[in-house]
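Worksheet: one structure, shown below.
The values are calculated or read from the model by the stated rules, or taken from the named source; none is laboratory data. Just so it is clear, the structure is predicted and the values come from calculations on it, not from any experiment. Methodologically, a virtual Cβ is constructed for each residue, glycine included, from the backbone with ideal geometry; neighbour enumeration extends over all protein chains shown. Side chains are part of the model used for accessible areas, which takes the heavy atoms of the whole protein and leaves out ligands, DNA and RNA. Shrake-Rupley method; radii C 1.70, N 1.55, O 1.52, S 1.80 Å.
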Amino acid sequence: MAHTTARDTLPAGESPAAVGGSIAADGRRRADARRRRARHRWVTLIVPPVLGVVFAEALLFLAAILDGRAQYFVRPGHWARFDSGLYLQIAAHGYTFNHCAGSQYPPGSWCGTAGWAPLYPGLVSLLGHLRLSLPVAGMVLSLLFAYLTLQAVWVLIGPAWSFSPLCCLAFAACFPGMIYSYALFPVSLLTFLAIVSLILFIRRHYVFAGLVGALCAWAFAIGPLVGVVLLVSAVLVARGRDFWRAACSGVIAFAGFGVLLLAYQRWVGHWDAYFKVQSKYGNGLHDPVTTFVMAFTGGPKARYPLQSPNSGYDHVYAQAQTAFVAALVIGLIVWTLRHRPVGRAEWVILSYTVIFWLVPLVDGPSLGRYRMEALLVPSVALCTRLPRPVQVVLVGTSAVLAVGLTSLFTKELIF
């Protein structure tokens, strides 16, 4: 048998050096292709949410121009209203808790700043130690978490340079109530954390989903509802041993709320300080249908003005937004359930949407739901399967409502 060498297997007329160079060039081409694909993935992941923030800021600036307040657009005072001052007080001085004084309060009422969640003012205080003024720190944080919210929504939608994902991201950027995501409120902080918790749950990272859900309880008063969402989602999408692991995420989230109550005990000497402060507003169990209808028809004034129907609903843009959101939620429920199979992610997002829409209605007519409706932004991920004309109408309608509600906000007609 003849002995064959590497030289004998070379193509005719090619030297070993030439073949080696060809192999090296081929390797470089493959490496370049991998780098191009990686760059494309990163561009697809990062650029659209940045453009979403630009779109949102353009709408906010348009509202400022129409109101003659464009010169104040970059000043913190433009973004601070009502509860913003309470968050800044907490950031500067910590919590207060005391009996209310004055005939405008029900007898035995409690006042102070203990009725507001600590995470946002804590972060404001942290930035304040970096030589930023507290209002500027609040403005920076709200903008940062507004961007991170769009980034998380983009992951939830599924990043792609195609019409439906981009249109749904545009819808998220101008989602009803979006002014509160950029104002000095913890709305964008909670929406970011809530979406991250949902994504982790969908991907079966249950412990991390629960830990982020626990942070939600510290971010905003309605944040503990994320624990409810996780438990309901576990019932809907998990079976067998996976159910118990999924349910643990909700338990962890509720444990975070329990730790918050213990923290209130340490801060102000009352674990139930939040509930005592909020009780004077008449929040509690109400008929959600009656609450919804009163946004359009009004209702009788309460003995104590702070328990009366929210005055923000005296204005057409607030009413129009609440009607639009109701139609959106009901429409998404019907559309999702009719177009089976309903996937794991859809069940989780639908659970969040229904719970975060319904509970503020149960809480009563004094609540400004036009602010809470901004928390429903994860629902845009359910819109990717809607017909394209419907998606366009959603974006256009929401953009008009965003400008109108922002105008009400800057004029201090809503709070």
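Numbers below:
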item	result
Residues being open to solvent by 10 Å² or more (accessible area, probe 1.4 Å), touching a residue at least 60 places away in the same chain (Cβ under 8 Å) and either in contact with a Pro (Cβ under 6 Å, 6 or more places away or on another chain) or basic (Lys, Arg) (or both) - total across the range 304-322	1
Selected residue (only one of Val187, Val207, Val140 is hydrophobic (A, V, I, L, M, F, W, C), under 26 Å from Val348 (Cα atoms) and open to solvent by 10 Å² or more (accessible area, probe 1.4 Å))	Val207
Any hit, the range 262-280, residues being among the hydrophobic types (A, V, I, L, M, F, W, C), open to solvent by less than 50 Å² (accessible area, probe 1.4 Å), closer than 24 Å to Val196 by Cβ and in contact (Cβ under 8 Å) with a residue 40 or more places away in the chain	yes
Every pair of residues 6+ apart whose Cβ atoms lie under 8 Å, when the first sits in the range 194-223 and is charged (D, E, K, R) while the second is assigned to a helix (DSSP H, G or I) and open to solvent by less than 40 Å² (accessible area, probe 1.4 Å)	Arg204/Asp242; Arg204/Ala246
Residue that is surrounded by the most Cβ atoms within 10 Å (Cβ to Cβ) [pool: residues in the range 349-374 that are touching a residue at least 60 places away in the same chain (Cβ under 8 Å) and farther than 17 Å from Ala221 by Cα]	Ile349
Subset of the range 93-120 (residues that are surrounded by fewer than 16 Cβ atoms within 10 Å (Cβ to Cβ) and on the phi > 0 side of the Ramachandran plot)	Gly94, Gly102, Gly108
Options Val377, Val395: the member that is open to solvent by 20 Å² or more (accessible area, probe 1.4 Å) and closer than 25 Å to Ala194 by Cβ	Val395
Among (1) closer than 17 Å to Pro165 by Cα; (2) touching a helix residue (DSSP H, G or I) at 6+ places or on another chain (Cβ under 7 Å); (3) free of Cβ contacts under 8 Å to residues at least 12 places away in the same chain, the one test that Val342 misses	(1)
The range 357-405: number of residues that are part of a loop (DSSP other than H, G, I, E, B) and either farther than 16 Å from Ala323 by Cβ or touching a His at 6+ places or on another chain (Cβ under 6 Å) (or both)	5
Residue identified as open to solvent by less than 10 Å² (accessible area, probe 1.4 Å), over 22 Å from Val377 (Cβ atoms) and either at pLDDT below 95 or more than 14 Å from the chain's Cα centre (by Cα) (or both) among Ala238, Ala253	Ala238
Search result, residues across the range 121-137 that are assigned to a helix (DSSP H, G or I) and open to solvent by 60 Å² or more (accessible area, probe 1.4 Å)	Leu126
Unmet requirement for Leu408, which otherwise passes all of (1) over 17 Å from Ala327 (Cβ atoms); (2) touching a Gly at 6+ places or on another chain (Cβ under 9 Å); (3) surrounded by fewer than 18 Cβ atoms within 10 Å (Cβ to Cβ); (4) at pLDDT 95 or above	(3)
Helices (runs of 4 or more DSSP H) lying entirely in the range 153-267 (those with 3 or more residues that are of a type in the set (S, T, N, Q))	187-202
Matching residues, the range 210-225, being over 15 Å from the mean Cα position of the chain (by Cα) and either modelled with pLDDT under 95 or surrounded by fewer than 24 Cβ atoms within 10 Å (Cβ to Cβ) (or both)	Leu211
Residue within the range 227-236 that is of a type in the set (A, V, I, L, M) and farther than 18 Å from Val196 by Cα present	yes
Residue match in the range 149-158 (condition: at pLDDT 95 or above, hydroxyl-bearing (Ser, Thr, Tyr) and open to solvent by 20 Å² or more (accessible area, probe 1.4 Å))	no
Thr291 vs. criteria open to solvent by less than 40 Å² (accessible area, probe 1.4 Å), touching a Pro at 6+ places or on another chain (Cβ under 8 Å) and closer than 17 Å to Leu367 by Cβ	yes
The range 54-85: number of residues that are among the aliphatic types (A, V, I, L, M) and open to solvent by 40 Å² or more (accessible area, probe 1.4 Å)	6
Residue among Gly250, Gly227 that is in contact (Cβ under 8 Å) with a residue 12 or more places away in the chain and touching a Leu at 6+ places or on another chain (Cβ under 8 Å)	Gly250
